[in-house]
Structures are given as C-alpha cells and as structure tokens.
Amino acid sequence: MIEFHDKSIIELYVNGDLKTVAARPADTLLFILRESLGLTGTKNSCGNGDCNSCTVLLDGWPVKSCLMLAVEAVGHEITTIEGLQDVPMQKAFVEKSAIQCGYCTPGMIINSHALTTIYPDASDEIIEEWLESNICRCTGYKEICEAVKSVINM
C-alpha cells in the first residue's frame with residue numbers, strides 16, 4: 001500500500017478486473033464502488049444493512065457493501081450487478097415481471113443469483129429465507145419468487 005495523505009492505494013478485483021483506488025480506512029466498499037469506480041448499479045439505500053439494496057458478491061457470497069470496509073475486500077473477488085452480464089436470473093426477472101421501481105432490483109438479482117448458484121435445488125423455504133433479507137416496498141415478492149424458481153427449474 002502507498003500512503004496518500006489520509007488515503008491508501010488499494011487493489012480490488014472487481015467484475016473480473018483488477019482496479020486500483022485510493023481509499024480511506026473508513027471508506028465502505030459501497031462508497032468505493034459507486035464514487036471511485038463509477039459502478040452505480042449497487043444502490044445506497046438504508047446505509048445500515050437492513051435493506052440489501054447494496055448487495056454484491058464477495059467470492060460468490062452475498063454481502064452488504066454498506067457495512068463492509070473497502071480494505072476488507074482486498075484479495076477477494078467482488079461481483080457487482082454490472083458484472084452479472086446475461087445471467088439467467090436477469091432474464092427471469094424481466095420475463096416474470098419481477099422488476100418494479102428498480103431501486104432494490106440490483107441487490108435482489110445479486111442475492112437471487114447467489115441463491116441459485118449456492119443452492120441449485122433450493123426449496124421454497126430456502127428461497128423465502130434468502131429473499132426476506134431484501135426489502136422491496138413495491139411488490140409482494142410473488143413475481144420475484146417465480147423468477148427464482150424459473151431459474152432453479154431450468
């Protein structure tokens with residue numbers, strides 16, 4: 001690390017590319033993704049880990065980027081919504097009309113993609129448990145569950 005005033009130069013592996021950014025020790029991963037790397041698909045909503053709009057994948061597992069320091073992500077593979085190009089879950093969200101206002105959608109797709117990757121035969125109970133961590137004020141989750149199930153049943 002190179003010291004730069006109150007910031008350090010860190011390297012993050014984001015969406016398959018190594019990125020070099022200047023970060024303060026207190027900068028969240030969400031802040032660095034949005035403000036330093038311009039990856040604004042990851043949303044800043046509640047800021048305290050309740051809504052999951054800021055969800056990204058860290059080594060394939062969903063994490064709340066608003067609660068994680070950027071320096072904690074060094075050495076790990078980070079995948080944002082921009083890094084999920086043409087995955088079945090994105091198509092399923094469109095086909096099943098699982099997108100409402102769109103604000104929670106990136107985190108919802110990231111979480112649902114991880115769910116179907118980690119639990120390819122997920123039961124209704126597992127789907128419900130995973131999706132209850134994502135807050136959406138526009139829908140009753142029916143279409144979202146249908147999108148997840150359609151990917152599981154592929």
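All of the numbers you see were taken from the coordinates with simple rules; none came from a lab. Just so we're clear, the structure is a prediction, and the values are computed from it rather than from any experiment. Because the Cβ atoms are built from the backbone with ideal geometry, glycine has one as well, and the counts that use them run over all protein chains shown.
What percent do you get for the relative contact order of the chain when only Cα pairs under 8 Å and 6+ apart count? Don't skip to the end; give the middle numbers.
Values: 272 pairs, mean separation 35.2, N = 154.
Computed value for the chain: 23 percent relative contact order.
Within the range 51-154, report the GluC sites (Glu not before Pro) that DSSP leaves as loop and that have at most 11 other Cβ atoms within 10 Å.
The qualifying sites are 132.
Going 7 Å from the Cα of residue 7 in the Cα-to-Cβ direction, what parts of the range 25-58 have a backbone nitrogen less than 17 Å from that spot?
Those under the cut-off are 25-40.
Using 0.36 nm per residue of separation minus the Cα-Cα distance, give me the extension gain between residue 72 and residue 133 in nm, one decimal.
On the way: separation 61, 0.36 × 61 = 21.96 nm, distance 2.21 nm.
Full extension from residue 72 to residue 133 adds 19.8 nm.
If you filter the range 104-154 for trypsin sites (Lys or Arg not before Pro), then keep DSSP loop positions with at most 13 other Cβ within 10 Å, what is left?
Those that pass, being in a loop and sparsely packed, are 137.
Using the basic label-point model (7 angstrom from Cα toward the beta carbon), what is the residue 126 to residue 87 distance in nanometres?
1.6
How much length is gained if the chain between residue 117 and residue 101 is pulled fully straight, taking 0.36 nm per residue apart and subtracting their Cα-Cα distance, in nm to one decimal? Mind showing how you got there, number by number?
Details: separation 16, 0.36 × 16 = 5.76 nm, distance 2.56 nm.
Fully extending the segment from residue 117 to residue 101 adds 3.2 nm.
What percent does the relative contact order of the range 88-152 come to when contacts are Cα pairs within less than 8 Å and at least six residues apart?
Relative CO of the range 88-152 lands at 54 percent.
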